[in-house]
Amino acid sequence: MAKAFNYIDGFLNRETTIAPLVTVRILFGLLMFFGTVRFMYNGWVEQLYVQPRYFFHYYGFEWVQPLSQQGMWLVFISLATLSIFISIGFLYKVSVALFFLIFTYVELIDVTNYLNHYYFISIFSLLLAFVPAHRRLSVDVLLWPSIGRSTVPFWTIGILKLQLGFVYFFAGIAKLNYDWICRAEPLATWFVPFTQLPVIGNLMGQKLTAYLFSWGGALYDLTIPFLLIQRRALPFAYVAVVLFHIITWFMFPIGMFPWVMIFLTLVFFPVSFHEVLVGKIESVLSIDGNQKRWNPQFPKPIALFLASYFIIQLLLPFRYLVYPGNIFWTEEGYRFSWRVMLMEKAGSAQFYVTDSTTGQKWDIHNPHYLSPVQEKQMSTQPDLILQYAQILEDEFKSIGVNNPVVTADVFVSLNGRRSKRFIDNQTDLSELSDGFHHKKWILKQ
């Protein structure tokens, strides 16, 4: 046991060049700056965080509320500014910690804005807060030369590789489901619009094409982390990374995620690649890159935190196993599990509020309360259906209906199947409470 521990300790603390961390820091900051400016330019600050009357919350985070319009703009301007600070390494530790906190705050405001790549940015920025990526080619080194280092312990780079590997591998595990493997869904459905394209339109209409993309996507995700750590396979693996993400970016509206993965995956490249890249930048800027070497160490509190963090990352994608039913139908345990673009789900939800005293009944017009994005997301996700029912309960209590009964007729279609009733339409949703328990009022698929 002692020998095994010493081997692991030696492996994690072995000395290596700091250059990969510098590359990741610069690229991450630039990507976040571009993404934040793009977000503001497209008007999404107002659309997602100012205009909605109500916001859907993660369980336990109901206290997280948006700021005023000016406040939300200040939040995003702060994110853009911090992104530049991270890239140039100015007050790096403070900047990346603040970026993590502010970005995570934004994502906690409304569940309906959840995307896997937003979750990835939050946790990746958290990991960056633990690594000394500012100790070379940074403003911090110019201000405080004594902090400069040319080497770091391997674990500081290894945790970033491991996190990227988790994203790919668990996305591959998630693809090993009946619809993806045996029905080529939802890709077969998503390819329909491409059948109108010249030259490739007929090909995109073939069922075999959907199967090839489905199986190929699963194989890619499952194997790419292991190919990236093989020096001989790395060039071919990275070409596959670039092609895969460019194709998905071209075909589907998934924003910055493909570019984030393309550039951050460079961390798997040999240290010699990063040394040359960082060295050229230092040469252009006339900066001396010959700093002191790092004395490798892995502080026990940080080691304990990171070990706990990665154990959680290992378990989260499998928490759906404690719930009955199809995860794509119930979505219990769905979020934070790297299930990227695995379902085409659409729903329609008609809510009713009944005064239990007088019997008067109201048909609810959802757009009166919700934005289009919120209504779309709410109509297929049980916890959001429940939250919306509670919003309606509070609304009607505020106008004098003392005991409102809230019911809903919800129909959902999943991956090209016919629409089916999603929840028990006789259940008074206003009497239910949210939580991590199974929602028995969800009907079987």
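The values are calculated or read from the model by the stated rules, or taken from the named source; none is laboratory data. Please read all numbers here as calculations on a predicted model, not as lab measurements. Counting neighbours? That spans all protein chains shown, and the Cβs are built from the backbone with ideal geometry, glycine included. Just the protein is used for accessible areas: all its heavy atoms, side chains included, with ligands, DNA and RNA removed. Shrake-Rupley method; radii C 1.70, N 1.55, O 1.52, S 1.80 Å.
How do the pairs read when you match residues in segment 355-368 that are under 17 Å from K397 (Cβ atoms) and open to solvent by less than 70 Å² (accessible area, probe 1.4 Å) with residues anywhere that are part of a helix (DSSP H, G or I) and modelled with pLDDT of 95 or more, using Cβ under 7 Å and keeping only pairs 6 or more apart or on different chains? Once the first residue is under 17 Å from K397 (Cβ atoms) and open to solvent by less than 70 Å² (accessible area, probe 1.4 Å) and sits in segment 355-368, its partners that are part of a helix (DSSP H, G or I) and modelled with pLDDT of 95 or more give I364/L392.
The sole residue among V50, V96, V111 that is open to solvent by 10 Å² or more (accessible area, probe 1.4 Å) and touching a helix residue (DSSP H, G or I) at 6+ places or on another chain (Cβ under 8 Å) is V50. Going through segment 262-294 one residue at a time, which ones are touching a residue at least 60 places away in the same chain (Cβ under 8 Å), closer than 18 Å to G158 by Cβ and open to solvent by less than 60 Å² (accessible area, probe 1.4 Å)? Of everything in segment 262-294, those that are touching a residue at least 60 places away in the same chain (Cβ under 8 Å), closer than 18 Å to G158 by Cβ and open to solvent by less than 60 Å² (accessible area, probe 1.4 Å) turn out to be L264, T265, L266, V267, F268, F269, H274, W294. Among the residues of segment 213-235, the ones that are under 23 Å from I173 (Cβ atoms) and either at pLDDT below 95 or not aliphatic (A, V, I, L, M) (or both) come to 11 in all. Do we find a residue being under 30 Å from P299 (Cβ atoms) and in contact (Cβ under 8 Å) with a residue 12 or more places away in the chain anywhere in segment 44-55? For segment 44-55, residues under 30 Å from P299 (Cβ atoms) and in contact (Cβ under 8 Å) with a residue 12 or more places away in the chain: absent. The selection criterion, being open to solvent by less than 20 Å² (accessible area, probe 1.4 Å), closer than 30 Å to A174 by Cα, among the hydroxyl-bearing types (S, T, Y) and in a helix (DSSP H, G or I), holds for S122. Output yes when any residue across segment 84-91 is free of Cβ contacts under 8 Å to residues at least 12 places away in the same chain, open to solvent by 30 Å² or more (accessible area, probe 1.4 Å), out of contact with any Phe, Trp or Tyr (no Cβ under 7 Å at 6 or more places or on another chain) and part of a helix (DSSP H, G or I), and no when none is. The answer is no, given that none of the residues of segment 84-91 is free of Cβ contacts under 8 Å to residues at least 12 places away in the same chain, open to solvent by 30 Å² or more (accessible area, probe 1.4 Å), out of contact with any Phe, Trp or Tyr (no Cβ under 7 Å at 6 or more places or on another chain) and part of a helix (DSSP H, G or I).
Return the residues of segment 54-66 that are over 21 Å from the mean Cα position of the chain (by Cα) and exposed (fewer than 15 other Cβ atoms within 10 Å of the Cβ); say none if nothing qualifies. Passing the criteria: only W63.
In segment 392-416, the residue that is farthest from N326 (Cα to Cα) out of those that are of a type in the set (S, T, N, Q) and in contact (Cβ under 8 Å) with a residue 24 or more places away in the chain is N402.
Yes/no matrix, rows are residues, columns are (1) more than 27 Å from the chain's Cα centre (by Cα); (2) of a type in the set (D, E); (3) modelled with pLDDT of 95 or more; (4) part of a loop (DSSP other than H, G, I, E, B):
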residue	(1), (2), (3), (4)
Y388	no, no, yes, no
G400	yes, no, no, yes
T407	yes, no, yes, no
S413	no, no, yes, no
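Looking across segment 318-369, the residues that are hydrophobic (A, V, I, L, M, F, W, C) and in a strand (DSSP E or B) come down to A346, A349, F351, V353, W362.
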